[in-house]
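One structure below.
The values are calculated or read from the model by the stated rules, or taken from the named source; none is laboratory data. Source: prediction; values computed, not measured. We place every Cβ from the backbone using ideal geometry, glycine too, and count neighbours over all the protein chains shown.
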Amino acid sequence: MSVQAVRKTFPPMPEVLPDVRRFVTVEAERRSFTEFVQDLQLAVTEACSNAMRHSGTKEIRVGVSLVGSCLEITVQDDGVYRAMPNESQDGQGHRGLHLMAAVVDDFSLRRGRPEKPGTTVRLVKCKT
Amino acid sequence: MSVQAVRKTFPPMPEVLPDVRRFVTVEAERRSFTEFVQDLQLAVTEACSNAMRHSGTKEIRVGVSLVGSCLEITVQDDGVYRAMPNESQDGQGHRGLHLMAAVVDDFSLRRGRPEKPGTTVRLVKCKT
Amino acid sequence: MTEPIFDIEVDTETRSARLTGELDLASCDRATEALAPLGVDPGDIQLELSDLRFLDSSGIRVIVQTHRALGERGSVVLRSPNPHVMKILEIAGIKDLGIKIEDSGV
Amino acid sequence: MTEPIFDIEVDTETRSARLTGELDLASCDRATEALAPLGVDPGDIQLELSDLRFLDSSGIRVIVQTHRALGERGSVVLRSPNPHVMKILEIAGIKDLGIKIEDSGV
Ligand SMILES: Nc1ncnc2c1ncn2[C@@H]1O[C@H](COP(=O)(O)OP(=O)(O)O)[C@@H](O)[C@H]1O
Ligand SMILES: Nc1ncnc2c1ncn2[C@@H]1O[C@H](COP(=O)(O)OP(=O)(O)O)[C@@H](O)[C@H]1O
């Protein structure tokens with residue numbers, strides 16, 4: 001029952017977010033992670049929204065693969081990670097990282113180097 | 001110039017936070033990461049504060065090691081990761097994850113399984 | 001015709017709105033605009049969420065902004081969120097902000 | 001005697017306080033208590049940060065709460081943070097909240 005890793009590229013336009021969720025849902029179900037689909041939809045939407053809003057990337061690559069008994073979703077952009085806010089939050093905001101960390105088992109955010117920019121968010125959900 | 005990985009255990013009491021920072025500073029300097037000491041002090045303080053405030057752990061283990069050209073700090077607790085807030089934030093809060101992610105190159109938060117609870121935060125800072 | 005991904009029906013008489021489908025970065029501006037007229041007069045605003053299938057931090061931002069715009073003049077009341085939407089609202093700590101959540105017991 | 005890890009001197013006359021050392025989860029309650037008297041009367045509150053060597057989210061929470069307690073009656077003004085403290089304040093987006101940061105050009 002091994003299913004190959006898949007990767008799909010999306011433009012950084014909010015209109016594609018429902019398609020990103022469909023993609024992740026189908027791939028998670030193919031790998032028998034149906035029970036986690038709602039958490040994964042949320043996490044992948046937050047990661048892609050951040051890439052769209054903050055990074056300036058030209059494309060977003062979403063990958064889905066099985067790693068042992070876990071499903072790993074990666075969201076990669078080629079933009080720049082922003083430490084400082086690029087839009088006023090009037091005291092709200094920063095819920096995205098918290099929500100992602102809250103719904104997956106392993107959450108990681110890796111920034112590129114100057115010679116290879118971009119941010120990779122890894123979202124891992126495991127069967128117990 | 002290889003320096004062994006080190007690990008030190010602290011009680012979950014806020015009073016030890018200055019000691020945690022001293023520990024990380026000394027170990028980072030021994031590994032020639034002096035230029036990153038302030039960012040590392042902030043990140044490790046946030047991770048330990050979260051373990052103290054939210055997890056219910058009996059101890060916190062802080063590890064420092066070199067991984068290639070990067071310094072990796074881990075903060076492990078034996079408590080329970082809380083998705084839901086356990087204290088009122090009156091609209092603020094959740095700055096900790098954002099600050100950690102902003103000052104390191106690679107930030108990850110891994111939760112334990114039911115049979116082995118606890119949260120591990122990894123904070124990685126790399127030389128360019 | 002396929003059904004729209006997100007829809008919002010506003011009733012200024014009853015100061016309520018029904019949100020249907022998926023509220024995210026693609027639909028949040030539309031929701032904010034549609035809700036603006038409800039903020040003009042004082043009083044609570046009821047948001048019927050039973051048909052909302054997806055909510056993320058962009059959607060929560062809409063809800064919080066609508067609530068804050070009311071200030072002392074009222075509060076947002078969220079009605080019948082599905083269990084996953086409820087979980088997201090709880091993780092986001094929405095109740096701390098004075099926003100009410102009511103399960104109409106359907 | 002070693003110097004204390006954190007210290008705060010409050011002057012109700014000039015509505016100002018000088019924070020020295022490391023402000024974190026261990027010292028934030030002490031800071032909050034010391035600052036409370038300054039929130040009683042209206043007007044800005046000056047916080048002299050030039051000797052603050054460490055600030056984290058627990059410390060930022062103190063600053064934001066002090067600022068919010070003033071409401072419309074004034075604002076917190078942060079003076080002369082060192083470069084790293086300044087960086088943390090910026091990452092936290094503190095200016096968005098109406099808190100002022102002034103470099104006294106030392
Ligand atoms: N992919 C990304 N590219 C650039 N910056 C990012 C990215 N993801 C997150 N960030 C930064 O991290 C911050 C925190 O993100 P988040 O918690 O989702 O809150 P918000 O997006 O509401 O600010 C963002 O404000 C932004 O500065
Ligand atoms: N080590 C941990 N153990 C348990 N829960 C944690 C831990 N770290 C973070 N959390 C959870 O993640 C949330 C976000 O943390 P953070 O961004 O630092 O903000 P804050 O601590 O102000 O709420 C916390 O409110 C808590 O629910």
*Mind checking whether some residue in segment C:50-58 is in contact with a Cys (Cβ under 8 Å, 6 or more places away or on another chain) and either modelled with pLDDT under 95 or under 24 Å from B:ALA83 (Cβ atoms) (or both)?*
yes
*In segment C:49-106, what residues are of a type in the set (Asp, Glu) and surrounded by fewer than 20 Cβ atoms within 10 Å (Cβ to Cβ)?*
C:ASP51, C:GLU72, C:GLU90, C:ASP96, C:GLU102, C:ASP103
*Consider D:PRO81 carefully, then state whether it is of a type outside the set (Val, Ile, Thr), outside any helix (DSSP H, G or I) and within 28 Å of B:ASP19 (Cα to Cα).*
yes
*For C:THR32, are the conditions met, namely being assigned to a strand (DSSP E or B), away from ligand 2 (no atom under 16 Å from the Cβ), without any contact (Cβ under 8 Å) to a residue 40 or more places away in the chain and more than 10 Å from chain A (Cβ to nearest Cβ)?*
no
*From the residues in segment D:1-15 that are crowded, with 17+ Cβ neighbours inside 10 Å and touching a Leu at 6+ places or on another chain (Cβ under 7 Å), which one is farthest from D:VAL77 (Cα to Cα)?*
D:PHE6
*Any chance segment B:44-62 includes a residue that's surrounded by fewer than 20 Cβ atoms within 10 Å (Cβ to Cβ), basic (Lys, Arg) and in a helix (DSSP H, G or I)?*
yes
*Among what's in segment A:65-106 and is touching a residue at least 60 places away in the same chain (Cβ under 8 Å) and within 14 Å of ligand 2 (Cβ to nearest atom), pick the residue that is surrounded by the fewest Cβ atoms within 10 Å (Cβ to Cβ).*
A:VAL103
_Only one of A:MET52, A:MET13 that is aliphatic (A, V, I, L, M), closer than 22 Å to A:PRO85 by Cβ and touching a Leu at 6+ places or on another chain (Cβ under 7 Å)_ = A:MET52
*Within segment B:69-126, restricting attention to residues that are closer than 23 Å to A:MET84 by Cα and part of a loop (DSSP other than H, G, I, E, B), which residue is farthest from ligand 1 (Cβ to nearest atom)?*
B:ASP90
*Yes/no for D:SER58 being closer than 14 Å to D:LEU89 by Cα and of a type in the set (S, T, N, Q)*: yes
_Whichever residue in segment B:7-38 is among the hydrophobic types (A, V, I, L, M, F, W, C) and not in a helix (DSSP H, G or I) and, among such residues, is surrounded by the fewest Cβ atoms within 10 Å (Cβ to Cβ)_ = B:MET13
_Looking at segment A:45-101 only, could you name the residues that are among the small types (Gly, Ala, Ser), on the phi > 0 side of the Ramachandran plot and within 12 Å of chain B (Cβ to nearest Cβ)?_
A:GLY91, A:GLY93
*Here is a list of conditions, (1) assigned to a helix (DSSP H, G or I); (2) touching a strand residue (DSSP E or B) at 6+ places or on another chain (Cβ under 6 Å); (3) more than 16 Å from ligand 2 (Cβ to nearest atom), and D:GLY59 meets all of them except one; can you say which number that is?*
(3)
_Need pairs with beta-carbon distance below 7 Å; first residue within 13 Å of B:THR57 (Cβ to Cβ) and in contact (Cβ under 8 Å) with a residue 60 or more places away in the chain and within segment B:107-122, second within 16 Å of ligand 1 (Cβ to nearest atom) and assigned to a strand (DSSP E or B); sequence gap 6+ or separate chains._
B:THR119/B:LEU109; B:VAL121/B:LEU109
*Of all residues in segment C:53-75, how many are away from chain A (no Cβ under 12 Å) and more than 20 Å from C:THR12 (Cβ to Cβ)?*
1
